[in-house]
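A short write-up of the structure that comes next.
Nothing in this text is a laboratory measurement; each read-out follows from the coordinates by a stated rule. Every value quoted in this text rests on a predicted model; they were computed, and no experiment measured them. No Cβ is skipped: glycine too gets one built from the backbone with ideal geometry, and neighbour counts run over all protein chains shown.
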Amino acid sequence: MAAQAKPILPEPRSLRVWTLLALVAVLISYLLNLLIGILCLILPFWVLERSPLWGILLLLFGAIAGITILWSSIPRPQKFKPPGVLLDLVKHPKLAAEIESIAAALAEPMPREVYLVLAPNAFVAEPGGRGRILGLGLPLLGALTVPQFRAVLAHEFAHFYSGDTRLGPWLYSARASMVRVLTNLHTGGASQFLRALTAFAVIRLAYIGVFGAMQQYGKALLRVTNFLSRRQEYRCDELACHIGGSAAFIKALQSIHVAALAFAPFWKSEVEPAVAVGFCPPLADGFARFLNAPSIKKQTGGKLDQAMSEPRENDFDTHPPLADRVRYAALISGAQELHNEELAATLLEDLGDVEAQLIAFAAPAVKVAKLKKMDWDTAALHVFAPLWQAAVTPYVESLGSSSIGQLPELVRAFQKTPPRIPDPPGMLLTKQQREDRVASILWMALNLALIKAGWVLHIQPGQRWIGRENQRLEPVALISGLRFGTTSPEQWRKLCESLGVAEIPLAF
């Protein structure tokens, strides 16, 4: 795409005003810290001339508080840590073409480095000495279509276009300095000495005054800088709609919200078990399937509807509420949306190798080279059944001679006298966690018993059930019903008799 001359849209004057105000707030924060720190050091000498006793106490307080404030206010150099896997765009020409087209549309230089990350979002930055970087979340590539991904890229490049990434480090440094001051005064090592001195009323008043002043200005700084951040997001949304299309961007916003809700459960319930038994799962494909699972779709859809109907803006939010962003984007007439239902993950070549690198980045202790490739369609028997077998085997004696039909009695017995569940290394399980582990042993044992009896295990990301002919069971839900009383023992026995599974032993 041919480069277009800047600017595509005029920058609103109000945004420049707020940018100037944010810079003034940053300057004031450093000056305030300097002023209060110096006053803490010199005022006790004035008191010392008039009241030696109180002067000595205030001198000690002032020295500790003043040095703490001044030391905490010094900006710290931020050491850059790679946020994910560095992509060689030469090896991913389709992705490179998309990034280049957005860069050309805004007449902006290409980022120096592009990282693939595990977070369900995208970001840009200009860390000191490294130039521009772009972070792309793999979960987004499994959640967004190519046009939606293009709109997200446009939003991120708009931060370059508007100069947000150059202003960002100043705002971050000021906020970080203020947080260090408050933390060190309140809970840091110096605070222990200060709290001891507050046994004296005059010191307590001085501490309340100093800490209160810093705290109130810290809140004001956050309000001003976060308000600017929200204005910047609206501005970048506007440019994203102009370049990528309003419809695509709105759908992308909603999909990102859903992805943020779903990715952690997906990783814990689908990826970690696969890696634990030696498999390297396809992440983008798995996450796309997880998002489309009926139960997951219902849960995330309900939360998305709630976010769309109940916008709640907070002074300390860096981003506007989703509903407000969607309404704003709907008012912008932008580019015509391209019809392409391919997932953005198709922009990456050798996706499996890239995903393996990302797993290695997320779990350095895992020897990814030894992990076997897997397919979600064969994960039931290759991944989950062996995992359940290993988990249940230590508790075979606790299961005894119980059959599937006797599960209600076994659930009650385990609730009264649960089998001994060892604590994981470095972790002390709570009572609730132990009860959950016991329940998991039972539903895993039920699954394994049915598999041995000829039932077929069906597992897809977000979906787990076991079936035979026209019969279908969800063992996790069944054990939950027995555990919490929503299924009575009589109902369970009738179900088992109708399916002909009452006499199948749980132990194997």
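Relative to the dominant Cα principal axis of the chain, helix 351-362 is inclined by about 60°. Here's the list of lysines a cross-link from LYS297 could span, going by alpha-carbon distance under 16 Å and ignoring same-chain residues fewer than 8 apart: LYS251.
Mind ordering 147-158, 124-135, 263-274 by average Cβ neighbours within 10 Å, highest first?
Working: 147-158: 26.3, 124-135: 16.5, 263-274: 18.1.
The most tightly packed comes first, giving 147-158, 263-274, 124-135.
The C-alpha atoms of the chain define a longest principal axis, and helix 431-452 lies at about 40 degrees to it.
Can you work out the FRET efficiency for the pair LEU23 and ALA107, with r the C-beta to C-beta distance and R0 = 41 Å, to the nearest 0.05?
Numbers: r = 25 Å, r/R0 = 0.62.
So, using R0 = 41 Å, E works out to roughly 0.95.
All C-alpha to C-alpha distances of segment 70-186, sorted into 10 Å bins beginning at zero, yield P(r) values of 12, 40, 29, 14, 5, 0 percent in whole numbers.
What does the highest-first list of 61-73, 234-246, 287-299, 480-492 look like by mean Cβ count within 10 Å?
234-246, 61-73, 287-299, 480-492
In straight-distance terms, cross-link reach from LYS494 covers every one of the aspartates and glutamates whose alpha-carbon lies under 13 Å from its own, apart from those fewer than eight places away in the same chain; here that gives GLU503.
If you take the Cα centroid of segment 270-285 and the Cα centroid of segment 180-206, the two points sit 49 Å apart.
For segment 376-499, what class follows from the C-alpha gyration tensor (a ≥ b ≥ c being the square roots of its eigenvalues): rounded when a/c is under 1.5, otherwise prolate if a/b is larger than b/c, else oblate?
Working: a/c = 1.76, a/b = 1.15, b/c = 1.53.
Oblate is the answer for segment 376-499, as a/c is 1.5 or above yet b/c matches or exceeds a/b.
Helix-only arithmetic for the chain: the sum of -39500 (n - 2.57) across DSSP H runs with n ≥ 4, divided by the residue total, places the mean residue ellipticity at 222 nm at -20000 deg cm²/dmol. With K and R counted +1 and D and E -1, the other residues having a Cβ less than 15 Å from that of VAL438 yield a net charge of +2. Here LYS79 is the anchor, and the aspartates and glutamates within straight C-alpha reach of less than 14 Å, apart from those fewer than 8 places off in the same chain, are GLU126.
Going by the alpha-carbon gyration tensor, a ≥ b ≥ c the square roots of its eigenvalues, is segment 288-332 rounded (a/c under 1.5) or, if a/c is not under 1.5, prolate (a/b greater than b/c) versus oblate?
In terms of gyration-tensor shape, prolate.
Per the Kirkwood definition applied to all pairs of different Cα atoms, how many angstroms is the hydrodynamic radius of the chain?
On the way: mean 1/r = 0.0367 Å⁻¹.
Mean inverse Cα-Cα distance, inverted, gives 27.3 Å.
Across segment 301-309, computed HN-Hα scalar couplings (Karplus, 6.51 cos²θ - 1.76 cosθ + 1.60, θ = phi - 60°) run x, x, 6, 5, 4, 5, 5, 6, 9 Hz from first to last residue, x flagging Gly and Pro.
Taking other residues whose beta carbon is less than 15 angstrom from the beta carbon of ILE28, and scoring Lys, Arg as +1 and Asp, Glu as -1, yields +3. Over segment 376-499, Cα pairs under 8 Å with separation of 6+ residues give a relative contact order of 30 percent.
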